[in-house]
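S.K.: Structure incoming, see below.
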Amino acid sequence: MIDFTVYDETSAPEESKAALALAKKQLGFIPNLYGVLAESPQALAAYQAVSDQFQRSSLSSAAKHTVWLTASRQNGCTYCVAAHSAMAAGESANESVVRAIREGAPIDDAQLEAVRRFAVQVVDSRGWVADEDVQAFLDAGFTRRHVFDVLTGVAQKTLSNYANHLAHTPLDAALASYAWTADQAGPPVQGAEPTR
């Protein structure tokens with residue numbers, strides 16, 4: 001296994017130090033994901049920029065958490081499933097929704113289930129979502145803007161999920177109670193197959 005450094009605000013490359021110091025000030029600690037991404041100041045900046053834009057998207061807070069957790073689960077990212085479970089808990093998200101996503105089960109809330117299904121389809125099909133599945137998302141009360149907002153969240157999580165896969169990012173102590181592994185959750189939820 002290749003060892004990747006988990007930097008802090010003092011050891012990081014110069015261009016990454018300010019971002020890590022800000023994260024520590026805002027969160028009380030530097031998430032190991034940020035510490036790993038700091039190897040490339042551009043990767044860290046890109047992740048933070050996409051994260052900021054997704055936070056500003058037209059999706060509800062519950063829908064954003066659904067996208068983050070679903071994409072991370074589908075990509076098998078143990079770090080991000082734990083991190084987003086903790087974030088959801090910190091924002092008093094519905095525990096049954098978080099549990100359902102972690103377990104790969106349908107969500108009882110019809111709107112959030114539509115978001116979950118669409119995010120699964122985007123991840124599993126690598127964006128080649130069938131027209132009828134896009135239409136089903138729209139028919140559930142979402143707009144074309146929401147289609148691209150979900151895509152933005154999936155893009156954010158693809159960057160972090162893949163970074164964590166490559167670096168074998170260790171879980172932060174602050175996230176330990178939210179630990180998740182793919183083998184605990186049953187088989188991945190199946191989505192649309194690529195149509196191309």
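S.K.: Once label points are set 7 Å from the Cα along Cα→Cβ at both GLU132 and SER177, what is their separation, rounded to one decimal in nm?
M.R.: Placing both labels 7 Å beyond Cα along the Cβ direction yields 4.6 nm.
S.K.: Give a residue-ordered list of calculated ³J(HN,Hα) values for segment 6-16 (Karplus: 6.51 cos²θ - 1.76 cosθ + 1.60, θ = phi - 60°; whole Hz; x for Gly, Pro).
M.R.: Residue by residue, segment 6-16 yields 9, 7, 10, 5, 9, 9, 5, x, 3, 5, 9 Hz.
S.K.: Please name whichever of VAL6, PRO31, VAL129 sits farthest to the positive end of the charge dipole of segment 1-129, dipole taken about the Cα centre and charges placed at Cβ: Lys and Arg +1, Asp and Glu -1.
M.R.: It is VAL129, whose Cα lies furthest towards the positive end.
S.K.: Using the Karplus curve 6.51 cos²θ - 1.76 cosθ + 1.60 with θ = phi - 60°, what ³J(HN,Hα) values do you get for each residue of segment 165-170, in whole Hz, with x for Gly and Pro?
M.R.: 4, 5, 8, 6, 4, x
S.K.: Additional query: Which lysines, if any, have their Cα less than 16 Å from the Cα of LYS64, not counting same-chain residues under 8 positions apart?
M.R.: Straight-distance partners of LYS64: LYS157.
S.K.: Given the Cα-Cα distance of ASN94 and ALA18 and 0.36 nm per residue of separation, how much length would full extension add, in nm?
M.R.: Gain in length upon complete extension: 23.9 nm.
S.K.: For every helix of n ≥ 4 consecutive DSSP H residues, a contribution of -39,500 (n - 2.57) applies; sum these over the chain, divide by its total residues, and give [θ] at 222 nm rounded to the nearest 500 deg cm²/dmol.
M.R.: Estimated from H runs of four or more residues: -19500 deg cm²/dmol.
S.K.: Treating only the Cβ atoms of Lys and Arg (+1) and Asp and Glu (-1) as charged, compute the dipole magnitude of the chain about its Cα centre; round to the nearest 20 debye.
M.R.: Taking the Cα centre of the chain as origin, the dipole is about 240 debye.
S.K.: For labels at ASP108 and THR143 in the simple 7 Å Cα→Cβ model, what's the distance in nm?
M.R.: Modelled inter-label distance: 3.0 nm.
S.K.: Before anything else, pin down the relative contact order of the chain: Cα pairs under 8 Å, at least 6 apart, normalised by residue count, whole percent. Don't skip to the answer; put the middle values down first.
M.R.: Numbers: 265 pairs, mean separation 57.6, N = 196.
Computed value for the chain: 29 percent relative contact order.
S.K.: Reachable lysines from LYS25, Cα under 21 Å, same-chain residues fewer than 8 places away excluded?
M.R.: LYS25 reaches LYS17.
S.K.: For the Cα atoms of the chain, what angle does the longest principal axis make with the long axis of helix 78-90, in degrees from 0 to 90, nearest 10?
M.R.: That helix lies at roughly 80 degrees to the long axis.
Every read-out reported here was derived from the displayed coordinates using simple, explicitly stated rules and does not represent laboratory data. Only a predicted model underlies this, so the values are computations on that prediction, with no experimental measurement involved. For neighbour counting, all protein chains shown are included, and Cβ atoms are generated from backbone atoms with ideal geometry for every residue, glycine included.
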